[in-house]
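Report on the structure given below.
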Number of protein chains: 2
Amino acid sequence: MMIVADNLQVTSRRVSQAIEHRDAETIRAMVTQCLKAGAGAIDINPGPLTREPEDKMRFLVETVQSVTDKPLLLDTTNPRALAAGLKVVRNPAVINGFSLEPAKMAEILPLAVAHDVDIIGYLLYPDSRVPADEGECLVVAAALFEAFQQAGLARERLIIDPVVAPLIWDDGLRHNRAVLAVIPRLADLFGFPVRTIAGISNLTTGPAPYHKRIQAEQAFVPMLAAAGLSMALMNMRHTESVACARACNLLLQSEVFAWEAMENPGLG
Amino acid sequence: MMIVADNLQVTSRRVSQAIEHRDAETIRAMVTQCLKAGAGAIDINPGPLTREPEDKMRFLVETVQSVTDKPLLLDTTNPRALAAGLKVVRNPAVINGFSLEPAKMAEILPLAVAHDVDIIGYLLYPDSRVPADEGECLVVAAALFEAFQQAGLARERLIIDPVVAPLIWDDGLRHNRAVLAVIPRLADLFGFPVRTIAGISNLTTGPAPYHKRIQAEQAFVPMLAAAGLSMALMNMRHTESVACARACNLLLQSEVFAWEAMENPGLG
């Protein structure tokens, strides 16, 4: 399971200010911290970018890849920003992402085809509702895969995000149990070992004390890891949760155990 | 997933001294602490009891059930001690446990039949070796279930322990991945939803710093919980791991989420 940093997001005041002022030093420092904490990829989430979308996305992509050659996830709903980012990206790139929503199908998916890059597909209904249970998730997954294939990309380009729900949603617990059940079934449904990603920070959306957030993440991340999740999008400042994800990799992927490995960053 | 306290074990100097001196106050204080920390049952592990087995087991059972009516696991290989404990136990009782080992089949399993109590069956070869992989675990499970049924107990009396291996064993990681795979398959193999138990403290047998033990437990317990484990035998003084187990129950079993529930003891 690769750990992907979700720290570079516009909801952070530090990030939004750095984007506004094209403050490359701040962005570089954040990325360096994330890599040191064990991130295997960086999600770049500048929001919908209503003003200067192209210039801001170019700035972010170029700044991040000046300190790392790890994969970059371009995480915006703005197709103009995505196109601009894809034009300058040299690192492996992942578009984050599309869904059955008509606008996404029409404007985002074709960008993955044009640039021949990986793309994340969200298990959401065309109106962006979250499927209610395992069965609905699988129906949506089948429809998404069908649409994806019609676009003409190699099937290995697809990464499925089954959409972790906030625990405080009315049906959040039930939905997240469906997520755990769906992940190991996708390979059979699609006929190949499709990669998966989940946004861990979604789990604790809303006000909650830090240690309870950590408790929830530490309980859910190993469940996702054991279900076969390929990529965990995480807040790298949640050091206990990140350590937990690394311990999961040790338990699930290593052949030889050593206590020393338990603390090495970068096992993801 | 019920949390079972493994703290009452003879390897603890405090416990061995309390048994030797029939110090009921110390035992009662320990049990009360375990219950307060969220234990749903108490494992009584006085070792093989080479001297005064009957008297010591009677003392332990009577002392523990003087402070709780929760289930007691009688955890010794000594059939005389087990018989003595079963004679005085009033709480729900579980014999911990038998395996395909001939002595256990001959002397332990019949006690469960005679007293009509639950019994834990270990997935071990007759010579006490641990099965190497998922397939071997399932073969052993089938043989154990067959032997169990021939003894004439109601099938619901059986609880399977797939035997968590120490991480530092040569094949410990591989074996524990087999444990995760086997747990959800037992219901199909046996034809009913058989209960399962796992000894979490086994995972970190040997010298290791406390925080690394906790990291390993916090990674593995949620994987076991998601696999469907019924009972987790844990050191209740590992408060972070116990909190993690409770968080797992919240994520996997609750219908309604509330952050307040994250810290309530006794969710197990």
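Miscellaneous remarks
Let's see how each residue does on (1) modelled with pLDDT of 95 or more; (2) in contact with a helix residue (DSSP H, G or I) (Cβ under 7 Å, 6 or more places away or on another chain); (3) closer than 23 Å to A:R195 by Cα:
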residue: A:M57; (1), (2), (3): yes, yes, no
residue: A:E62; (1), (2), (3): yes, yes, no
residue: A:A81; (1), (2), (3): yes, yes, no
residue: A:P92; (1), (2), (3): yes, no, yes
residue: A:N96; (1), (2), (3): yes, no, yes
residue: A:K104; (1), (2), (3): yes, no, yes
residue: A:A114; (1), (2), (3): yes, no, yes
residue: A:D118; (1), (2), (3): yes, yes, yes
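To keep it simple, each residue is scored yes or no on (1) in contact (Cβ under 8 Å) with a residue 40 or more places away in the chain; (2) closer than 30 Å to B:V139 by Cα; (3) part of a strand (DSSP E or B); (4) not polar (S, T, N, Q).
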{"residue": "B:G38", "(1), (2), (3), (4)": "yes, no, no, yes"}
{"residue": "B:P48", "(1), (2), (3), (4)": "no, yes, no, yes"}
{"residue": "B:V64", "(1), (2), (3), (4)": "yes, no, no, yes"}
{"residue": "B:T77", "(1), (2), (3), (4)": "no, yes, no, no"}
{"residue": "B:R80", "(1), (2), (3), (4)": "no, no, no, yes"}
{"residue": "B:V94", "(1), (2), (3), (4)": "yes, yes, yes, yes"}
{"residue": "B:M105", "(1), (2), (3), (4)": "yes, yes, no, yes"}
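- Across the range A:68-85, the qualifying residues are those that are touching a Gly at 6+ places or on another chain (Cβ under 9 Å) and open to solvent by 20 Å² or more (accessible area, probe 1.4 Å), and the one among them that is farthest from A:N96 (Cα to Cα) is A:K70.
- Matching helices (runs of 4 or more DSSP H) fully within the range A:125-242 where at least 3 residues are open to solvent by less than 60 Å² (accessible area, probe 1.4 Å) and within 14 Å of chain B (Cβ to nearest Cβ): A:172-182, A:210-227
- Hey, A:P46 closer than 24 Å to A:A112 by Cβ and touching a helix residue (DSSP H, G or I) at 6+ places or on another chain (Cβ under 8 Å) or not: yes
- Checking each residue in the range A:184-207 for being among the hydrophobic types (A, V, I, L, M, F, W, C), farther than 15 Å from A:L123 by Cα and within 15 Å of the chain's Cα centre (by Cα) picks out A:I200, A:L203.
- Hits in the range B:15-28 (condition: surrounded by 14 or more Cβ atoms within 10 Å (Cβ to Cβ) and part of a helix (DSSP H, G or I)): B:V15, B:S16, B:A18, B:I19, B:A24, B:T26, B:I27, B:R28
The values are calculated or read from the model by the stated rules, or taken from the named source; none is laboratory data. Because the structure is a prediction, the values reported are computed rather than measured. Note that we place each Cβ from the backbone using ideal geometry, even for glycine, and neighbour counts take in every protein chain shown. Surface areas here come from the heavy atoms of the whole protein model, side chains and all, with no ligands, DNA or RNA. Shrake-Rupley method; radii C 1.70, N 1.55, O 1.52, S 1.80 Å.
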